[in-house]
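Structure first, then comments.
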Amino acid sequence: MRIDTPGYHHRQVSVLTQLFGALALMVILAWYSSNGDGIALLVAGSVALLVGVLHALTIRVTDTTLAWHFGFRLFSKSAPLADIAGVEPVRNRWWYGWGIRYTAHGWLYNVAGLDAVEITRRNGKTFRLGTDQPDILASAIRARLEA
């Protein structure tokens, strides 16, 4: 069933990771300037570019699907809304970290911060999507589930 409200689309970028990437680039460039090694410059630039571009999480909610991907869709996943039984904003433990990892609450997909939305599937399995907009994301999913 289609509803009149627009879908949810949000991209969260990890500023901290980008800063670490920039710092690494500066260190390697400083080393390059003292050693004159062109390969180090190429590697440093490539690593900084990949860290900056890939360490972002985009989440979309459409009429039928919850989808998320990192960077330029090099890693993407989705779940049909019909498969979702529950949605709850949560706060992750700091030691869960960032990235893609398995936790006591199922899979976690996160680029920054501790806030997330826990999705419970109809089969009882859960996963979490890290976001800086947990209430808005949870509301968007609930609105689609109730439509």
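Where a number appears in this text, it was derived from the coordinates with a stated rule and is not lab data. Keep in mind it's a predicted model, so treat the numbers as computed, not measured. All Cβ positions, glycine included, derive from the backbone under ideal geometry; neighbour counts span all protein chains shown.
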> So if R0 is 30 Å, what FRET efficiency would His9 and Thr120 give, r being the distance between their Cβ atoms, rounded to the nearest 0.05?
Replying inline: 0.85
> Once the piece of chain linking Ile100 and Arg142 is laid out straight, how much longer is it, given 0.36 nm per residue of separation minus the C-alpha distance between them?
Replying inline: 12.7 nm
> Between Rg and the Kirkwood Rh of the stretch 71-120, both from Cα atoms, what is the Rg to Rh ratio?
Replying inline: 0.96
